[in-house]
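Engineer: One structure follows; several queries about it will come next.
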Amino acid sequence: MKKYKKMIIFTTLLTGLPILIGLILWNKLPDSMATHWDINGQANGWSGKGATVFFLPCILMIIHLFAVFLTLNDPKKTNIHKKPMTIIFWIVPVISILMNGIIYLEAFGIKVNISAAVSILMGILFMLLGNYMPKLRQNYTIGIKLPWTLCSEENWYRTHRLGGKFFIIGGIFVALDGIAGIWLEDTIIFTIMIGVLLICIAISVGYSFWLFKKGI
């Protein structure tokens, strides 16, 4: 934990940065802001200014610290490649800044294509994970953690090698789906994104189980 102390402090503060931005903009923000949208990209949930500025960033800070704590206390953390570890440190701060940035933009009347933004973010995340998955060794925090992969190093290796390829391909499709949001309806963007991600996960899990049945 001591080795990553500065990184933990920096990324936690970065996750909470929207609070500072919210305080700076406080007098210009409306008393009620959209904080939830349906699959059509239409706002269907609102929160008060105080709750919006403080609550979501604080929750994300807690989630960030919990994820970091679990990863750094994984009994097999030495098997986690340095770059996937970096993703663990940065994914929540990035989400916090993007999510709260969208909320503030919407509050000022600047329309943001929520479905497209989420799709692009998920696509990039899947491409990054897919790139590093073949380099992962058995651990309890990052990767395709199934009874079969955790019990067999060969199963783990083969599953992550195949899964990595599908995650990269799927991530490209999902990111392109988000970019195509300029022309597509939000419902179509969301459906394609979820469909592609579920297919990638299902293929990886199914392949791992097939290896298990073969005794691998």
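Engineer: So for the chain, averaging the separation of alpha carbon pairs under 8 Å that are six or more residues apart and normalising by length, what relative contact order in percent results?
Structural biologist: 21
Engineer: For the chain, what is the accessible area per residue in Å², given a 1.4 Å probe and the full set of protein chains?
Structural biologist: For the chain, the solvent-accessible area averages 56 Å² per residue.
Engineer: Further question: Cross-link candidates for Lys28: which lysines have Cα within less than 16 Å, leaving aside residues fewer than 8 places away along the same chain?
Structural biologist: Straight-line reach from Lys28, under 16 Å: Lys49.
Engineer: I've got another one for you. Under a cut-off of 18 Å between alpha-carbon atoms, report the aspartates and glutamates in cross-link reach of Lys76, not counting same-chain residues fewer than 8 places apart.
Structural biologist: Partners found: Glu153, Glu154.
Engineer: A further question on this structure: Could you point to the residue in Gly48, Met122, Ile24 farthest towards the positive end of segment 1-152's charge dipole, with +1 and -1 charges on the Cβ of Lys/Arg and Asp/Glu respectively?
Structural biologist: Going by the Cα projections, it comes out as Met122.
Engineer: How long are the semi-axes of the ellipsoid equivalent to segment 134-185, from square roots of 5 times the Cα gyration tensor eigenvalues, in whole Å, largest first?
Structural biologist: Semi-axes (√(5λ), whole Å): 31, 10, 8.
Engineer: Considering the dipole of the chain built from charges on the beta carbon (Lys and Arg +1, Asp and Glu -1) around the Cα centre, which of Leu162, Gln138, Gly178 is farthest to its positive end?
Structural biologist: Ranked along the dipole, the leading option is Gln138.
Engineer: While we're here: Quick one: dipole size for the chain, taken about the Cα centre, charges +1 on Lys/Arg Cβ and -1 on Asp/Glu Cβ, in debye to the nearest 20.
Structural biologist: 1220
Engineer: In debye to the nearest 20, how big a dipole does segment 1-127 give about its Cα centre with +1 on each Lys and Arg Cβ and -1 on each Asp and Glu Cβ?
Structural biologist: 760
Engineer: Most fluctuating residue of Asn44, Asn155, Asn139 in a GNM of the chain with Cα springs under 10 Å: which is it?
Structural biologist: Sorting by GNM fluctuation, first place goes to Asn44.
Engineer: Here is a further query. Around Glu154, with a cut-off of 15 angstrom between Cβ atoms, what is the net charge of the other residues, counting Lys and Arg +1 and Asp and Glu -1?
Structural biologist: +4
Engineer: Also: List the DSSP H helices in the chain whose Cα atoms stretch 20 Å or more along the helix axis and whose mean Kyte-Doolittle hydropathy is at least 0.0.
Structural biologist: Those that clear 20 Å and a mean of 0.0 are 49-72, 82-107, 114-132, 153-179, 186-213.
Engineer: Could you pull out every one of the aspartates and glutamates with an alpha carbon less than 14 Å from that of Lys111, ignoring same-chain neighbours closer than 8 positions?
Structural biologist: Straight-distance partners of Lys111: Asp186.
Engineer: Connecting C-alpha atoms closer than 10 Å in a GNM of the chain, tell me which of Trp183, Trp156, Trp148 has the biggest fluctuation.
Structural biologist: Among Trp183, Trp156, Trp148, the largest mean-square fluctuation in the Gaussian network model of the chain belongs to Trp183.
Engineer: Using a 1.4 angstrom probe on the protein heavy atoms only, could you order His81, His36 from most to least accessible area?
Structural biologist: Ranking His81, His36 by accessible area, largest first, yields His36, His81.
Engineer: Given Thr35, Met61, Asn79, which one lies farthest toward the positive end of the charge dipole of segment 30-83, if we put +1 on the Cβ of every Lys and Arg and -1 on the Cβ of every Asp and Glu?
Structural biologist: Value: Asn79.
The values are calculated or read from the model by the stated rules, or taken from the named source; none is laboratory data. Please read all numbers here as calculations on a predicted model, not as lab measurements. Positions of Cβ are backbone-derived with ideal geometry, glycine not excepted, and every protein chain shown enters the neighbour counts. The accessibility values were calculated without ligands, DNA or RNA, using every heavy atom of the protein model including side chains. Shrake-Rupley method; radii C 1.70, N 1.55, O 1.52, S 1.80 Å.
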